[in-house]
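What follows is a set of notes on a single structure, which appears directly below.
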Amino acid sequence: MFFGRRKPEEVSVDRLGQLLDLQFEKKLGQLKSKSRSIAGDLDQAVLRFSDACARFEELDAEPYTEDLYFANISSIKKQKSQYAKGLRHILSRTSFGTDDATNSYEKYRHVLSDLEGMIKRVLEANANFKTVLYCYSNHLGEFKSLFSEIERLAKALRSELDNRSRDFSEYNAVRERILRLNRYAEEWEAINKSIEMLRNDAKPDNESALGKDETDISREIGDKRAELTRLNKERSSLHSRINSLTIPLERASKKLDHLSVSKKQLRAFVENPINTINNESEYSEFRALVQELNEKIHAGSVDVKNSDKVSETASMLLRSDLYSMINSFKSGQQKELEIGREIDALERSLSEIKKGRTASERDAQDMASMEEKARELEKNRENEKSTIETLFLDHYGVLVSIIG
């Protein structure tokens, strides 16, 4: 005959705690019934002890004071009342056990803790009222008997719990594993939500689109800079040509201005023709002054060295289209400013794209890091599940398979 292996019981993660408490309760055996019996006796003993305290408070008997020096009977009686009231207060404020315990062991462990706390406070009260205990020792027989009964019951309850302490240690070990598994599950769920959010925020083909835009803008910036260099060279060449036509007349223009009664000065035109000649009217005035200079050089009115060369320069200037050259210079200058602004705008766009790419790269790194963390958490979860399944089998003989 062949016997198949037992089929494991499938248990979800959120039901593991309930299953653990159920199996632990079974393993505790008679602890619950024995502890419940002790607790019932304890309730009765505490109730009788409280009644004894009330009777002691109402006791109208003279204290024994023969061995006391300077005994104040009135003060001793007052202390007796305070002592009895204090004990009743301790008893009334003590509540045994808890409603939120998940198993018998924890329930009666709380009962024992409360009980031992009460006993400690009673002993502290005894230490504070030694005189009362001495002076009324003949009236405290029932008192002492009931308190001894309470101490005996506390010892009995502790014994029952101590007998199951190893089981409780095993239970705590499994419970700690379950709590750790739940933490792993919560972390795993949270990190996967973060990954999903990053995926939803990422644009399709975002990386390639960014790369294409960056390449196009970089190429356009390069073209603009090349055009800017070309315009700058053209403008520099025009500037040199204009200066070559006007600078040789600088000295002669000063002499003409000295002789001329005209308000317009040739020297101003010659020294800075580009900024002085702004329209055709001003250009006509300039040509008239150059023509006048040329005539007076020939007439000898303006005496300059190398007069023939200066006259030839003036004639060449009159034959040239200086006005068109100046306009071309200014047009090129304006064009350079426009291209410069365009380059600035393109560079700002490129900077934004690079920032976006950096952000995308950072998001990708974050996602990779979170995915690695999620894999690690998943591995930890599976290891923890395997450990818990083994512990259930070892401690409780239960074959389980954890799902979820």
Please note which helices (runs of 4 or more DSSP H) are completely contained in region 252-340 and include at least 2 residues that are in the same structural domain as GLU234 (by TED's automatic domain parsing) and of a type in the set (Gly, Ala, Ser). 280-299, 307-319
Selection within region 286-312 - in contact (Cβ under 8 Å) with a residue 40 or more places away in the chain and polar (S, T, N, Q): SER301
Condition check: in a helix (DSSP H, G or I), of a type in the set (S, T, N, Q), within 60 Å of the chain's Cα centre (by Cα) and farther than 17 Å from ILE38 by Cα. Does ASN126 satisfy that? yes
Is it the case that LEU238 is in contact with a helix residue (DSSP H, G or I) (Cβ under 6 Å, 6 or more places away or on another chain), buried (at least 18 other Cβ atoms within 10 Å of the Cβ) and farther than 27 Å from GLU338 by Cα? no
Whether any residue in region 96-116 is under 15 Å from PHE143 (Cα atoms), surrounded by 12 or more Cβ atoms within 10 Å (Cβ to Cβ) and within 51 Å of the chain's Cα centre (by Cα) is what I want to check. no
Kindly indicate whether any position in region 149-157 is in contact (Cβ under 8 Å) with a residue 24 or more places away in the chain, more than 16 Å from ALA45 (Cα to Cα) and not acidic (Asp, Glu). no
Looking only at region 84-123, filter to residues that are among the β-branched types (Val, Ile, Thr) and in a loop (DSSP other than H, G, I, E, B); which one of those is farthest from SER33 (Cα to Cα)? THR94
Of the listed residues (ASP21, ASP41), the one being in contact with a helix residue (DSSP H, G or I) (Cβ under 9 Å, 6 or more places away or on another chain), crowded, with 17+ Cβ neighbours inside 10 Å and not in a loop (DSSP other than H, G, I, E, B) is ASP21
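The values are calculated or read from the model by the stated rules, or taken from the named source; none is laboratory data. Everything numeric in this text was worked out from a predicted model, so none of it was measured. Don't worry about glycine lacking a Cβ; one is built from the backbone with ideal geometry, like all the others, and counts go over all protein chains shown.
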